[in-house]
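Here's the structure, in structure tokens; my notes come after.
The values are calculated or read from the model by the stated rules, or taken from the named source; none is laboratory data. Not measured: the values here are computed from a predicted model. Neighbour counts are summed over all protein chains in view; Cβ atoms, including those assigned to glycine, are modelled from backbone coordinates with ideal geometry.
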Amino acid sequence: MSMTNFFTAGGIVAWPLLAFSLLGVALIIERISFWYRIKSRQHQVITSVLRLYQGDELTGAIAKLKQNADLPVCRIFLDVLGLHGATPTEFRLALETSTQAELPLFKRFNNLFQTIIAVAPLLGLLGTILGLMRSFASLEIGNAAGTNATAVTGGISEALTSTVMGLVLAIFTLLFANSFRSLYLRELALIQEYGGQLELLYRRFHETGEKTYASSR
């Protein structure tokens, strides 16, 4: 069966399911590109930034972050490293605030994925009911010769095809949505780890600066 015949057999609900399929594929491609960009560069960039900052090269660390400002964690670090004279508590609050501001980017399109997962099987069920109604309407009880066999089989085909389309779309979208959620949770843990390392270095520099100031008085 060709794709055109397949969608024709699915009846009227095949077209909204096709629209949801195209939307889902576009969103999945965007998310894959987003996560690939992060996973392929983030670790190397942040490791380099922390090394520069540890070596008291703040200017070099900020320059490195600006070069990679398309990465969310780099934008977080830029926000907090731009603070001047902040206490460790203020630094931590700024770090948490910047992190919260970036979180929606990691969860982008989650609502759309959940909508597709929920609606696709319902559309498939609707197609099943419409197909069965079409088949029953073509039956003539007690008059087998007058029954339109083509309409009956067409209704059954519509019922089965729409069900398959709805389930396949929901399952396909669910697999990717769960994968993206797993990546989000891992990324959140990494941001907390990187942020903790940056905060520890800042505290050391802050305490060293206070001791230097106290000894000079």
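Laid out as a table, the results:
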| read-out | value |
| --- | --- |
| Top-ranked residue in region 78-128 [being of a type in the set (Gly, Ala, Ser), surrounded by fewer than 15 Cβ atoms within 10 Å (Cβ to Cβ) and not in a helix (DSSP H, G or I); ranked as nearest to the chain's Cα centre (by Cα)] | 82 |
| Residue within region 65-72 that is surrounded by fewer than 19 Cβ atoms within 10 Å (Cβ to Cβ), at pLDDT below 90, outside any helix (DSSP H, G or I) and not small (Gly, Ala, Ser) present | no |
| Residue list for region 166-202, filter: over 19 Å from residue 32 (Cβ atoms) and among the acidic types (Asp, Glu) | 193, 199 |
| Residues of region 45-62 that turn out to be over 19 Å from residue 196 (Cβ atoms), part of a helix (DSSP H, G or I) and out of contact with any helix residue (DSSP H, G or I) (no Cβ under 8 Å at 6 or more places or on another chain), as a count | 1 |
| Residues being more than 15 Å from residue 42 (Cα to Cα) and touching a Leu at 6+ places or on another chain (Cβ under 7 Å) - total across region 63-80 | 1 |
